[in-house]
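The values are calculated or read from the model by the stated rules, or taken from the named source; none is laboratory data. Just so we're clear, the structure is a prediction, and the values are computed from it rather than from any experiment. Cβ placement follows ideal geometry from the backbone for every residue including glycine, while neighbour counts extend to all protein chains displayed.
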Amino acid sequence: MNQHERRVAALRADRSVIERAAARLRSDTIRSGYAGLQHQHVAFGLALILDELARHVADLDRAVRWQAVQSCRLLLGEQLDSPQIRRTRRR
């Protein structure tokens, strides 16, 4: 796998995490609405922001993209990346 293919794969993976977080946020908000949660518009607004970040993930600053993905992983209950550990394989 060359460098371009790795970048494309990383962008797809990051986009997927952000999209799943937006979907989870919407789903949880709808469920909570049946239980009487107020201010659902805030959660739906955040989901829309996540949709836009996912749509433009390739254009995001590296630090912004990393933070968005980490925040979404936290929302999803997934393991967070350590900024000290490189994600590339050694040859």
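Key figures for this structure:
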{"read-out": "Selection within the range 29-50 - more than 15 Å from LEU76 (Cα to Cα) and either polar (S, T, N, Q) or under 16 Å from the mean Cα position of the chain (by Cα) (or both)", "value": "SER32, GLN38, GLN40, PHE44, GLY45, LEU48, ILE49"}
{"read-out": "Single condition ARG6 does not satisfy, out of (1) over 21 Å from ASP81 (Cα atoms); (2) surrounded by 11 or more Cβ atoms within 10 Å (Cβ to Cβ); (3) more than 17 Å from the chain's Cα centre (by Cα)", "value": "(1)"}
{"read-out": "The one condition in (1) basic (Lys, Arg); (2) under 11 Å from the mean Cα position of the chain (by Cα); (3) modelled with pLDDT under 95 that ARG26 fails to fulfil", "value": "(2)"}
{"read-out": "Whichever residue in the range 9-18 is surrounded by 14 or more Cβ atoms within 10 Å (Cβ to Cβ) and of a type in the set (A, V, I, L, M, F, W, C) and, among such residues, is nearest to ALA68 (Cα to Cα)", "value": "ILE18"}
{"read-out": "Those residues of the range 1-15 which are assigned to a helix (DSSP H, G or I) and without any contact (Cβ under 8 Å) to a residue 12 or more places away in the chain, in sequence order", "value": "GLN3, HIS4, GLU5, ARG7, VAL8, ALA9, ARG12, ALA13"}
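Residues are listed down the side, and each one gets a yes or a no for (1) surrounded by 12 or more Cβ atoms within 10 Å (Cβ to Cβ); (2) basic (Lys, Arg); (3) at pLDDT 90 or above:
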{"residue": "ALA22", "(1), (2), (3)": "yes, no, yes"}
{"residue": "TYR34", "(1), (2), (3)": "no, no, no"}
{"residue": "HIS39", "(1), (2), (3)": "no, no, no"}
{"residue": "TRP66", "(1), (2), (3)": "yes, no, yes"}
{"residue": "LEU76", "(1), (2), (3)": "yes, no, yes"}
{"residue": "ASP81", "(1), (2), (3)": "yes, no, no"}
{"residue": "ARG87", "(1), (2), (3)": "no, yes, no"}
